[in-house]
Amino acid sequence: MRKLSWLGLFWLCAWLAMAGTNISLREKLDTLQGISDIESLSTEYYPEKYVMKFEQYLNPKDTAIGRFHQRIVVCHQGFERPTVIVTEGYGGKYALSPRYHEELSALLQANVVFVEHRYFLESAPNPKNWDYLTAENSAYDLHHVVQTFKQIYPEKWISTGISKGGQTTMLYRAFFPYDVDFSVAYVAPLCRGVEDGRHEPFLRKVGTRKERRKIEAFQREVLQRRNELRPLFQAYVQEKGYTFRTTLDEIYDLSVLEYPFALWQWGTSVSLIPEEGADAKKVFDHWMQISDPSYFSVGQDTEPFNVQAARELGYYGYDTAPFKKWLTIPTAKGYLNRVMLPDELRDKVEFRPELYHKIYGFLRDNDPKIIFIYGEIDPWTAVRVPTFTGKQNEQIYIQPHGSHLSRIGNMPEKIKQRILEQIHNWLEE
């Protein structure tokens, strides 16, 4: 048999390399272990897009316990492009939309591997054993996904998430610091307690004094006009089919207490608050637009989050002092456990601070490449990550008057360019 010349060997290798690049994404997905039920999705932004099931262990440290399937959406730009892993903190149904377009992917023409969080929507095991819904297990989920998809996407990897997804980005880096090249975490809280205690003082200082007085006056009016508004409230709840684990009066109170947090979180203009003494229907409609009681109802898709918040992610409390005279409840303390957990866990979940200390210690003792985006008026900024001195890579940017919708794209132009320059520098390293 004739031996190939060096030139012949060169052209053979080149041909093989070119042939490899001609393999389609679908063909490559079929080669990955643990993937099943691949379906093509329509998209307005990507050449190819697929949804699939990905097999995960309920407990990665004890694989004999069992497995479940996690929903993943892949948006393809090119095998030579960087890849963004979206560490979604909730369900991922919205990523199925043809109009779904992740910000970093748009800025960098990057692939997207979107991972629905365990225990949410299509990624929920059956039965739901809440013991395995832990931050560490969710980090192992992401680690398994990245190690698998790096087989087809070998270029730079960026992790990103919004809100609880940003929190998931942080904890993923704390457990697996070197899985990705860098991260962008949007409006990501780092709570140290189930009722952290820093949100209430934040709400007493955010905005102007005039704005805060108008908000408090509206809350007070809704409580004082309970006899007039409660029939509307009850009819609304019945029409929507909401059910609760406590009395309707307590839900009324909690929806009033939730009002300022929700208003500031989403950046609603205080000018939209009805004037005192306005028509009951106008007052009620505005209240429901900002603080719908569905938040406290049974059977919400966010129920797994409530479990995580009570157990290790933390949450916020309510300031009842200005309204004690008109509330039907003696205190709001413990409302998350009492009102928002599944029946089998009510008043049985104790907060574990270990996750907070792990993430805090990781950020304090290391300098990972992470960009944090926050909004100035967003109550979750009260529990943003600390600013540690001497860090070159950990960077925190706060959008002036920004809400929970703060992103790179709506930052002031100078800050936006600084962030983009840093991202491109990291991509080129």
Query raised in the report: If R0 is 41 Å, what FRET efficiency do you get for Asp365 and Gln300 from their C-beta distance, rounded to 0.05?
Result: 0.65
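At 1.4 Å probe size, with the rest of the protein present, what percent of the exposed accessible area of the stretch 258-411 is carbon and sulfur atoms?
Answer for the stretch 258-411 is 49 percent, counting heavy atoms of protein chains only.
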Report summary line: The summed charge of the Ser42 Cβ neighbourhood (under 13 Å; Lys/Arg +1, Asp/Glu -1) stands at -1
Report summary line: Here the net charge surrounding Phe176, from other residues whose Cβ is less than 13 Å away from its Cβ (Lys, Arg +1; Asp, Glu -1), is -1
Query - C-alpha long axis of helix 226-240 to longest principal axis of the chain, angle in ° - result: 30 degrees
Query - Folded to 0 to 90 degrees: helix 413-428 orientation relative to the chain principal axis, Cα - result: 30 degrees
Report task. Take the alpha carbon gyration tensor of the stretch 277-429, find the square roots of its eigenvalues, order them as a ≥ b ≥ c, and report rounded if a/c is under 1.5; if not, report prolate when a/b exceeds b/c, else oblate. Result -> oblate
Query raised in the report: Between Lys324 and His143, what FRET efficiency comes out of the Förster formula 1/(1 + (r/R0)^6) with R0 = 60 Å and r the beta carbon distance, rounded to 0.05?
Result: 0.80
Report summary line: In whole angstrom, the spacing between the Cα centers of the stretch 256-299 and the stretch 156-230 equals 17 Å
Requested in this report: Show me 316-327, 266-277, 152-163 ranked by packing, highest mean number of other Cβ atoms within 10 Å first.
Outcome: 152-163, 316-327, 266-277
Query - Probe 1.4 Å - accessible area at His69, Å² to nearest ten - result: 80 Å²
**Report entry** Sorted peptide list for 183-195, 26-38, 249-261, 357-369, criterion being average Cβ within 10 angstrom, highest first
**Finding:** 183-195, 249-261, 357-369, 26-38
Query - Assigned charges on the beta-carbon of Lys, Arg, Asp, Glu; the chain dipole about Cα centre (debye) - result: 580 debye
Query raised in the report: Considering only protein heavy atoms, what per residue accessible area in square angstrom results for the stretch 242-333 with a 1.4 angstrom probe?
Result: 39 Å²
Report summary line: Per the rule of 0.36 nm per residue minus the C-alpha distance, extending Arg225 to Asp37 adds in nm 62.3 nm
Query raised in the report: Where the centre of each part is set by its Cα atoms, how far does the stretch 338-381 sit from the stretch 55-110, in angstrom?
Result: 22 Å
Query raised in the report: In nm, what is the difference between 0.36 nm times the number of residues separating Arg346 and Arg26 and their Cα-Cα distance?
Result: 110.7 nm
Query raised in the report: Helix-derived [θ] at 222 nm for the chain: sum -39500 (n - 2.57) over DSSP H runs of at least 4, divide by residue count, nearest 500?
Result: -11500 deg cm²/dmol
Query - Bridge type composition, the chain - antiparallel percent by DSSP, nearest 5 - result: 45 percent
Query raised in the report: In nanometres, what is the gap between the two model label sites at Leu405 and Asp62, each 7 Å from Cα along Cα-to-Cβ?
Result: 4.6 nm
Query raised in the report: If you stretched the chain out fully between Lys93 and Leu248, how much longer would it get, using 0.36 nm times the residue separation minus the C-alpha to C-alpha distance?
Result: 52.7 nm
Report summary line: To the nearest 10 degrees, the tilt of helix 164-175 (Cα long axis) against the first principal axis of the alpha carbons of the chain is 50 degrees
Query raised in the report: What is the calculated FRET efficiency for Arg418 to Lys205, with r their C-beta to C-beta distance and R₀ = 35 Å, to the nearest 0.05?
Result: 0.80
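The values are calculated or read from the model by the stated rules, or taken from the named source; none is laboratory data. Source: prediction; values computed, not measured. With ideal geometry, Cβ positions are generated from the backbone for all residues, glycine too; neighbour counts draw on all protein chains shown. Side chains included, ligands, DNA and RNA excluded: accessible areas come from the protein's heavy atoms. Shrake-Rupley method; radii C 1.70, N 1.55, O 1.52, S 1.80 Å.
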